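Taking it in order: structure first as structure tokens, then the write-up.
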């Protein structure tokens, strides 16, 4: 006796996931990130200080080249006889290039007024880097009392 061999067979639930749409989405995202990533890395390269900030030792006892930014956004280069005169962006780049051509290991520092605009200080740093400074440091003052802060 044959038991109904032509019975309808039950369909099994499909346990495979179709990954093709996920691969397509992943490739599209990869292309988007490859295009936008270089656009996001703009800015001024600065060597960030450590938590315990120590005074900077200049190599070979070289005096640092200091650029000051006052509250109005004027630039002052600490070189030559006319340190009290404001210099324009082009003149600042020319002075920086001249100082660094004489001694490429000269440390370059920016001293910004506490009332100076952040944009003016960053502009000074960008100009110094365009002029050939490999790294630019920031001059700060020590807090008046660190014992009372604890």
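The values are calculated or read from the model by the stated rules, or taken from the named source; none is laboratory data. Everything numeric here is computed off the predicted structure, so don't read it as measured data. Every residue, glycine as well, gets a Cβ built from its backbone with ideal geometry; the counts of neighbours run over all protein chains shown.
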Scanning for something modelled with pLDDT of 85 or more and surrounded by 10 or more Cβ atoms within 10 Å (Cβ to Cβ), does region 10-19 turn up at least one residue? no
Here are the criteria: (1) modelled with pLDDT of 80 or more; (2) surrounded by 12 or more Cβ atoms within 10 Å (Cβ to Cβ). Tell me which single one residue 49 does not satisfy. (1)
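Scan region 108-122 residue by residue and report those that are surrounded by fewer than 17 Cβ atoms within 10 Å (Cβ to Cβ) and in a helix (DSSP H, G or I).
Of everything in region 108-122, those that are surrounded by fewer than 17 Cβ atoms within 10 Å (Cβ to Cβ) and in a helix (DSSP H, G or I) turn out to be 118, 119, 122.
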